[in-house]
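The values are calculated or read from the model by the stated rules, or taken from the named source; none is laboratory data. Note that the coordinates shown come from a computational prediction; the quantities given were computed from them, not determined experimentally. No Cβ is skipped: glycine too gets one built from the backbone with ideal geometry, and neighbour counts run over all protein chains shown.
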Amino acid sequence: MIDDRSPQSSGTDTILSVIYDCDNTIGIAGRDVDDALALLYLLGRVEVELPGVTTTFGNDSTEEMYRICSFLERGVSFGLSVI
């Protein structure tokens, strides 16, 4: 969820700082891909600063979320640590 009540302003552009929480299950058969697509969308937006991504249990185990996000980081290299 983007909280636009207190965005940082940079001249005429507004930068939104977002910490994205997801249960990314892209690559697991029969699971949703919406969280991964939302992450890629956020990474592609110039008006969004993404200081962190957190993973949580939801569609699978936390271990599986970590594995998938680490795989996505290696493939896309979005410059964030997966912990």
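Listing for the model above:
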quantity	calculated
Unique residue being closer than 17 Å to VAL82 by Cα and either in contact with a Lys or Arg (Cβ under 8 Å, 6 or more places away or on another chain) or at pLDDT below 90 (or both) when the list is ASP32, ASP3, ASP23, ASP13	ASP23
Per-region count, the stretch 54-80, residues without any contact (Cβ under 8 Å) to a residue 24 or more places away in the chain and more than 14 Å from TYR20 (Cβ to Cβ)	9
All positions within the stretch 26-44 that are of a type in the set (Gly, Ala, Ser), in a helix (DSSP H, G or I) and out of contact with any Leu (no Cβ under 8 Å at 6 or more places or on another chain)	ALA38
Members of the stretch 54-77 that are surrounded by 15 or more Cβ atoms within 10 Å (Cβ to Cβ) and hydrophobic (A, V, I, L, M, F, W, C)	MET65, ILE68, CYS69, LEU72
Evaluation of PRO51 against (1) within 14 Å of ILE19 (Cα to Cα); (2) surrounded by 12 or more Cβ atoms within 10 Å (Cβ to Cβ) (one fails), failing number	(2)
